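J.: First the structure, which I've put down as structure tokens, then a few questions once you've had a look.
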Amino acid sequence: MSVMGLFNKSGRTERYYTKDFPELEVHPKDCVPDERPYGTWTFGTKAWLKGEQGASDEWIGWFTPPRLRQKKPKW
């Protein structure tokens, strides 16, 4: 199974750490606009940095940034 397939098939609450996927590019947090219409964007996959010695984890960017939907939603 490819790494991208792993992202698509797992739960959205699971964190993916940069040390687990060193071959993937991490995109900056600000590559996605703050203002975007509801329902037109897909979810991305966040890149997390594991906290050292009891420190909390830090969200540093995106492995796969959110993007516009390619098709209209079937509602």
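J.: Touching a helix residue (DSSP H, G or I) at 6+ places or on another chain (Cβ under 6 Å) and either under 24 Å from Lys74 (Cα atoms) or part of a loop (DSSP other than H, G, I, E, B) (or both) - does that describe any residue in the range 33-42?
T.: The answer is no, given that none of the residues of the range 33-42 is touching a helix residue (DSSP H, G or I) at 6+ places or on another chain (Cβ under 6 Å) and either under 24 Å from Lys74 (Cα atoms) or part of a loop (DSSP other than H, G, I, E, B) (or both).
J.: Those residues that are without any contact (Cβ under 8 Å) to a residue 40 or more places away in the chain, among the aliphatic types (A, V, I, L, M) and surrounded by 10 or more Cβ atoms within 10 Å (Cβ to Cβ), I need them from the range 41-75; list them, please.
T.: Selection gives Ala47, Leu49.
No lab work stands behind these numbers, since they all come straight from the coordinates. Just so it is clear, the model here is predicted, and its values are computed rather than measured. With ideal geometry, Cβ positions are generated from the backbone for all residues, glycine too; neighbour counts draw on all protein chains shown.
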